[in-house]
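I have placed the structure first, in the form of structure tokens, so that the comments after it can refer back to it.
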Amino acid sequence: MTLCGWLFIWGLPAQAAQLEGLYEAEVELADQGRATRATAMAEAMAAVLLKVSGSAAVLSEPVIKSAMEDAARYVQQYRYRNEAMPAEKRHKGKGGAAENRLLLWVGFDSVSIDNLLRRFGFNVWGTARPSTLVWLAVDEGSRRVLVGANDQGLVREVLESEAQRRAIPLRLPLLDLTDQSKVRPVDVWGGFVDNIESASLRYETQAVLIGKLYPLGKEWEGRWTLRYQGDQYEWQQRAKDVRTVIASGVGGISDYLSQRFAASSDPGMDQLALRIEGVTTMDDFRRINDYLLSLHGVSAVTLRKTDATSSSFLVEIEGGRETVLQAITMGDMLAEVEPPPEVLQPESPMELRSQSVEVSPSPVEPAAGEVGSDTLKEDAEVLPLQPQVVPLQELVYRLLS
């Protein structure tokens with residue numbers, strides 16, 4: 001059977017995804033013993049750290065490995081459940097009864113996980129993540145074919161499991177008549193970007209992954225190109241196991257985008273001033289307030305002022321402000337408004353206290369014809385320094401219905 005005969009790809013929503021469950025994981029275990037549970041919690045913690053950081057390097061860091069040995073200290077809650085064994089793993093006993101398997105669900109404390117990552121120099125990737133459209137061509141020997149949303153089999157299984165493991169939202173093209181009129185396998189194989197990007201517009205994803213997968217002797221090789229906001233990132237993978245090569249496509253997306261979107265490992269505070277137009281009711285105000293507080297990295301939201309059609313907020317951020325702005329841009333709650341933002345005088349939290357300058361008399365007597373320091377004090381007024389302020393830029397957005 002050819003590789004593409006096994007393909008099946010699921011459809012995911014367009015636009016950026018607000019992901020849930022980043023700080024939880026479920027693993028299979030043999031029993032409910034204490035030692036078994038400790039091992040399972042460490043495995044679950046590894047899964048969470050991979051999703052939250054977006055970087056595979058986190059799991060090879062010695063200090064992170066050491067922290068996982070005491071995973072229980074980061075756990076917020078856990079519970080067991082039983083589930084029927086998947087068909088491919090079932091062992092038929094007497095009467096043909098299928099076996100069950102024991103699963104442990106673990107929820108971790110998000111603050112503790114974030115602090116651990118930042119303490120050792122790893123970034124924290126929030127819940128708003130760009131969706132990626134995957135154009136993948138596979139060489140079957142006698143022909144090259146594109147992978148579409150309605151294909152079934154191995155690639156679907158690997159891409160889906162890797163996307164879940166790395167918390168990456170993916171889409172595959174429909175390959176209907178519209179797509180076929182714009183993109184052919186040769187376009188993907190040859191990297192004809194103009195045709196691919198034109199066909200990608202209808203899917204409204206933020207990134208596009210172009211991949212080609214082919215046999216190379218007894219191995220498989222994959223070559224990948226990720227295009228995002230005018231930038232291009234390329235990588236390749238060769239392995240005997242085709243699953244490893246397919247998984248490298250998703251892994252490369254995660255490694256690259258997590259660096260672009262993750263909050264800085266610097267825990268310093270930052271601020272944003274936002275004016276939201278279209279806020280006319282108390283329900284609108286609550287929606288905006290709750291939405292801003294839900295963004296990863298936002299620690300506090302304060303109302304600056306309000307009128308009949310808009311409200312202005314001061315947003316306190318732990319880490320880089322760029323992550324919050326990117327999350328807003330990718331979301332479906334707010335749309336940026338032109339003209340460019342104006343610069344406002346900051347509120348009191350941004351002001352520095354006035355400082356005065358005091359001139360002390362000189363201990364050295366002035367020479368003949370020179371003016372002493374006492375005379376200077378009489379002839380020139382010593383003024384305090386003006387308050388030093390940091391300009392606070394107010395960004396303007398419109399509330400979407």
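The values are calculated or read from the model by the stated rules, or taken from the named source; none is laboratory data. This one's a predicted model, so the numbers in the text were calculated from it and none came from an experiment. Methodologically, a virtual Cβ is constructed for each residue, glycine included, from the backbone with ideal geometry; neighbour enumeration extends over all protein chains shown. These area figures cover heavy atoms from the full protein model, side chains too; ligands, DNA and RNA do not enter into them. Shrake-Rupley method; radii C 1.70, N 1.55, O 1.52, S 1.80 Å.
The table that follows gives values for the structure above.
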| item | result |
| --- | --- |
| Segment 32-76 - percent of accessible surface contributed by carbon and sulfur, probe 1.4 Å | 47 |
| Per DSSP, loop GluC sites (Glu not before Pro) in segment 94-196 with at most 11 further Cβ within 10 Å | Glu99 |
| Environment charge of Ala167, counting only residues whose C-beta is closer than 9 Å and scoring Lys/Arg +1, Asp/Glu -1 | +4 |
| Length gained when the stretch Ala300-Ser112 is fully extended (0.36 nm per residue, less Cα-Cα span) | 65.8 nm |
| Proximal charge balance of Lys218 [Cβ under 13 Å; K/R count +1, D/E count -1] | -1 |
| Segment 108-250: C-alpha gyration tensor shape, a/c 1.5 cut-off, then a/b vs b/c | prolate |
| Heavy-atom accessible surface of segment 125-203: percent carbon and sulfur, 1.4 Å | 47 |
| Arg81-Asp241 FRET efficiency (beta carbon distance; Förster radius 35 Å; 0.05 resolution) | 0.70 |
| Over segment 130-215, relative contact order from alpha-carbon pairs under 8 Å, at least 6 apart, % | 49 |
